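As structure tokens, the structure follows; a few thoughts come after it.
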Amino acid sequence: MEGPGRIVVVSADIGAGHDAAAAELTRRLRGRGLVVDRLNFLDVLPAPARWAVRDAYRGVLRWLPWGYDVLFRLTGRSRVSASVLRSLLRPVRRRMRRAIPPDTRAVVTTYPFANQLLGPLRRQGRLAVPVISYVTDFVVHPTWLAPGVDVYCAVRHAEVQPSGAADDVEVTVVRPLVPAAFATSAAVDRRKARERFGLPPDERLALIVAGAWGAGDIAATVAEVRATGHVRPVVVCGRNEELYERLRGGEHVFGWVDDMPTLMRAVDVVVENAGGLTCQEALACAVPVVTYRPIPGHGRANATILARSGLTRWVPGPDQLGPVLAALFGEADGERPNRAGDPRSDPGPAAGRPPGPDLAGPTADPAGVVAEAAGRAGSAGVEGRGRRTLVDSVGDAVAVVAALLQSTGGPR
């Protein structure tokens, strides 16, 4: 490369997982001296489509979870659904191409539907630089898979669906795009961490998380965790203000939390329901993780993989929740819980799951994979960066239909 090179990272502000992964990748790439641009996939779509994607997807998760689960399962059995999505998004390809600067050396995606635009551009020769996709989930759903994508980066234990697709998909196992603060949080004194958030110093605490949207039946989870008598709930509602207002009468309820590494260090176990980035952060912290009431679709798919790999414990119902928490802390169910002052109350990374390095291990840094690919590439060129055409206008209308489809069928 003649210069430091430009990398375009394409994400989407749906939930927080895709953007958080993109932000960490951007930080690492800039640390290597690369110029990085961030592109929101939804900005490529016309305004009505952006609204449809965010609100319709959130609405389906909240009001028709069973429908989303059925759709996720059906589309996970073959790659036909991704082919249909690519066809519907075809008129938007020119808009995507024009959004990529001519001096770009590589494009990275952290959102699956971006692959359905960038992959075809790469395959047709209209994009001359590598397209690399970082999969934010443990399940590589067919909506991530698109002809033309050069490399898929996924964390250890991730599985490609359908299983037969793994034979013709190149997957590079990489470390999670989790900030270093989570891995180094063990250096934070637990008592000071609890003081930071106003938490009791001598209680055993369970951190209940549900992503940026606070998705799932969190109220039931809080009640059932409390009812076990083994832990005291600490709840993070994300940006779900309705959930926050509903639960704030109880103790230790937070909205959006900026300092999650310290909060995770303050608790004894994390209870999660999606298996996404927050779960990976907890694993990096070496805090025991319990999956409970997983959300439909990608949440349940991730839960299956995580439990099978021994990274988390998936509790199928409230009757099993008490025994699992008791076993996690070396107690019999019904036994009086040990307090935080008891040495047994700080189980460390060996309690209930392998330590953090089992997820990271001696695998590649995603930023290194991207930088190496960019170093071998030329520039993206200037094809397609002319003025707006009639094709773009027609594409706007078609893109709305495509957005409605993806809003009901895509993983977080």
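What follows draws every value from the coordinates through simple rules; no lab data is involved. Please read these numbers as outputs of a predicted model, since none were measured by experiment. Don't worry about glycine lacking a Cβ; one is built from the backbone with ideal geometry, like all the others, and counts go over all protein chains shown.
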With R₀ set to 30 angstrom, the calculated FRET efficiency between the beta-carbons of TRP51 and SER78, to the nearest 0.05, is 0.50
Output ordering of 61-71, 264-274 (per-residue mean of other Cβ within 10 Å, highest first) is 264-274, 61-71
Note: probe point = Cα of GLN124 + 7 Å toward Cβ; backbone nitrogen < 18 Å; residues of the range 135-172 passing the test are 146-150
Its Cα gyration tensor gives the range 116-219 an equivalent ellipsoid whose semi-axes in whole Å, largest first, are 39, 16, 13
Each label sits 7 Å from Cα toward the beta-carbon; between VAL70 and SER163 the label points are separated, in nm, by 2.6 nm
Rounded to whole angstrom, the alpha-carbon centroid of the range 277-311 lies from that of the range 209-270 at a distance of 16 Å
If amide H atoms are modeled at 1.01 Å from N in the peptide plane, then the residues at a separation of 5 or more from ASP37, or on another chain, having amide H under 5 Å from its own are ILE7, VAL8, VAL9
If the chain between GLU241 and ALA223 were fully extended at 0.36 nm per residue, the gain over the current Cα-Cα distance would be 4.6 nm
The value for the range 39-189 (convex hull of the alpha-carbon atoms, volume per residue, Å³) is 159 Å³
The set of residues whose placed amide H lies less than 5 Å from the amide H of TRP314, leaving out same-chain residues fewer than 5 positions away, is THR291
Sorted on mean Cβ neighbours within 10 Å (highest first), peptides 304-312, 30-38 come out as 304-312, 30-38
